Amino acid sequence: MARLHEYQGKAILAANGFKIPRGRAATSVDDAVAAAKELGSEVVVKIQAWTTGRAGIGGVTFAKKPEDVREHAQRMLAMKVGQFPVEAVLVEEKLDIDREFFLSFAIDDAARAPIIIFAAGGGTGIEQRAAATRRIPCEVTRGPLDSAVAEAVESCGLAPKNAKQLNEAVRELFVAARSVEARSLEINPLVLTKTGGFVAADCRITIDDYAVGRHPELGIEIAREFDHPPTALERVAYAVEQNDHRGTFYFAQLATAASKESKGLVGFHGAGGGGSMMSMDAIVTAGFTIANFTDTSGNPSAAKVYRAARIILAQPDLVGYFGSGSGVASQEQYWSAYGLAKAFWELNLDIPAVIRLGGNTEDRAVEILHRISKLLSAPVEGYRKTDTPGFIAARFAELVTAAGEKKWKPRMPRLPKFVGDPSATELGVKNGRVWIDTARWPDIRAAVETHSAGLIVDRNGAPVSPLPNEEFATKDSELLACDVECRLAGIEGFYLELDVPGLDQVIGGQR
C-alpha cells in the first residue's frame, strides 16, 4: 500500500472537516525557521518519515523560539531512518492538550468491510492497550453504525458539546478515508484542546495500490508499500515495470551500506516470491547485507531482466551479484540468462556473480552464463534447481573472499564504435534500437540471419527486417539473444541498444 507523509495526510483531513494544527512542511533549515517565525509561538518539529516511534529516535522535539528550530531542523534533515535520508520536517504550533483519543479507519479483511477503531486515550503505546479499544462496524456506502458511534462516544464522559464534536469526527474519518480510497487512516492522537476543540495532532494514511491511478492529486509516484519515500533507482525501476508488462519486475532498495560485521553489500536478483525469500535468508546467513530486493518472474522478457540487472548494478559498493529464485519457476530461464549475460558484458562485470536459474530450460541457461563468464574479468557461475540456496550462498562467499576487497563501481555500458554512426543501419524496437555495422554486413550477414531467427535478412546487400515495423519492434528479446550469441561467437557488427530512462542520470554518466 502506498503511504503518505503526515503533512499530506493532514491536508486530506482538513479537506474533510477536521481541524489540524497550523504549520507546514519544510525541506531546508531556512524554510523550517521561516515556518516557525510565521507561527510566532512555541512549535513542534517532526521528521517526515514512514515509521512509528519518531520521538524515540529524536525525530520529534519542541522549540520555544524560531532560532531554536534551526538547530533541530539541521539535525533532523541530516538524519537517516534505516538507511534512507529524512527529506522534510513538519513545523507546527504546539497544542494545549486536555485529552487524547485514538481514531483509526481500516479494512477488515475477515469481514470484508471497513471498520473504525476507537479508544479514549491515544499516543505512544496504544498497541499495548488493545483491550481498551472499541471496534465500530461500518457499512461501505453509509459509514459507521450510529448506535456503535454513540456508544463509543458516550463511554468517554464528555460534555454534550464535545461529545457531539467527537461523534462528528468519527464520521468525518470515514468520509476522509473513502475520499482517497484509503486502506488505512490513523489519527493518533486526536486531541481535545483546553479551549474545547478537537484537532488531529498526527496522521498516517496508506492508499490502496489499485486506487492510486484514480487519485493523481495525491502525487504518489509508486503504487507499492515501501518503508521510505521512493529512491531514484526505485523510480527508474517502476517506470520499467510500467512500460513492459511481460512478466513482473519488483525492485526495492534495502540498504546503502553494509553493517560492520557483514562480509559486504550484495545485489540480489530473485525470481518467484517464496524461493526468493529462502535465497535471501541463505545469503544473509552466509554473512552478507542485501542491498536490494529484486524479483523478475512470471516469464519476463529478456529485455526486462537486462534492465533489472542494469538497475541492480547501479548501486555502488557491491561485493557481488547473487541471483536465486524458486528453482521450479515455470518460465523459460534461458531468456533470463540472455538478459543477465548482456548486462554483465556491457558493464564489464568485475565482481563475482552466482546465478541459480532453476526450472524450464535451466541447462541452456547455465550454459549461456558459463560462456559469457569467459569474456569477463570476474567469475559468473550458473546453477540449477538441484543446487540449494544454502549451497550456492556458500559458494558465493568463497568467490567474494577470493576477490579480496573488490567493490563495484557503477558505470555506463560500453558501446561498439558503430553505434550512432550515420553510416550504420538502425532499426527500431520496443524502447530501443538495433545497430548494424553496414560496412561489415557482408561478413556478419550469415551469423545475424541465423542468430536472429530470420528477424533480420539481406535485401539487395543491406540488412532489413521482413516484418512490419510494429511487429519487429516487439522482438526485443529475440534480438537481445542475437546480440549475445554474436558476441559469444566473436562477431562484431551487431548491437541491441535498450533504453533505461533516468538510469544514466542516477549513476552520473553521460553519453
Determine whether Glu217 is part of a helix (DSSP H, G or I), among the acidic types (Asp, Glu) and surrounded by fewer than 17 Cβ atoms within 10 Å (Cβ to Cβ). yes
Among strands (runs of 3 or more DSSP E) entirely inside segment 452-511, those with 3 or more residues being closer than 15 Å to Lys430 by Cβ are 494-498
Yes or no: Lys263 charged (D, E, K, R), farther than 20 Å from Val506 by Cβ and over 19 Å from the mean Cα position of the chain (by Cα)? yes
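Taking only segment 270-304 into account, find how many residues are within 21 Å of Tyr334 (Cβ to Cβ) and either small (Gly, Ala, Ser) or touching a Phe, Trp or Tyr at 6+ places or on another chain (Cβ under 7 Å) (or both). Can you show your working first?
Of segment 270-304, the ones within 21 Å of Tyr334 (Cβ to Cβ) are 270-272, 275-276, 279, 294-304.
With the extra rule that they be either small (Gly, Ala, Ser) or touching a Phe, Trp or Tyr at 6+ places or on another chain (Cβ under 7 Å) (or both), the set shrinks to 270-272, 275-276, 279, 294-298, 300-304.
Number satisfying all stated conditions: 16.
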Out of Ile136, Ile115, report the one residue that is at pLDDT 95 or above, touching a helix residue (DSSP H, G or I) at 6+ places or on another chain (Cβ under 7 Å) and in the same structural domain as Ile205 (by TED's automatic domain parsing). Ile136
Single unsatisfied condition, Arg440 versus (1) basic (Lys, Arg); (2) part of a helix (DSSP H, G or I); (3) within 33 Å of the chain's Cα centre (by Cα): (3)
Quickly run through segment 427-440 and pick out the residues that are over 21 Å from Lys304 (Cα atoms) and surrounded by fewer than 19 Cβ atoms within 10 Å (Cβ to Cβ). Thr438, Ala439, Arg440
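Given the residues Val86, Val69, Val60, which is the only one that is more than 20 Å from Pro229 (Cα to Cα), of a type outside the set (Phe, Trp, Tyr) and in contact with a Lys or Arg (Cβ under 9 Å, 6 or more places away or on another chain)?
Working: Val86 fails: more than 20 Å from Pro229 (Cα to Cα); Val60 fails: more than 20 Å from Pro229 (Cα to Cα).
Result of the check over Val86, Val69, Val60: Val69.
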Number of the condition not met by Arg414 [criteria: (1) surrounded by fewer than 16 Cβ atoms within 10 Å (Cβ to Cβ); (2) closer than 25 Å to Glu470 by Cβ]: (2)
Got a sec? Which helices (runs of 4 or more DSSP H) wholly within segment 300-405 have at least 2 residues that are closer than 21 Å to Ile491 by Cα and more than 28 Å from the chain's Cα centre (by Cα)? 362-373
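Looking at the structure I just gave you, is Leu185 among the hydrophobic types (A, V, I, L, M, F, W, C), closer than 16 Å to Gly9 by Cα, touching a residue at least 40 places away in the same chain (Cβ under 8 Å) and in a strand (DSSP E or B)?
On the way: among the hydrophobic types (A, V, I, L, M, F, W, C): yes; closer than 16 Å to Gly9 by Cα: yes; touching a residue at least 40 places away in the same chain (Cβ under 8 Å): yes; in a strand (DSSP E or B): yes.
It is true that Leu185 is among the hydrophobic types (A, V, I, L, M, F, W, C), closer than 16 Å to Gly9 by Cα, touching a residue at least 40 places away in the same chain (Cβ under 8 Å) and in a strand (DSSP E or B).
The values are calculated or read from the model by the stated rules, or taken from the named source; none is laboratory data. The structure displayed is predicted, hence computed values, not measured ones. Every residue, glycine as well, gets a Cβ built from its backbone with ideal geometry; the counts of neighbours run over all protein chains shown.
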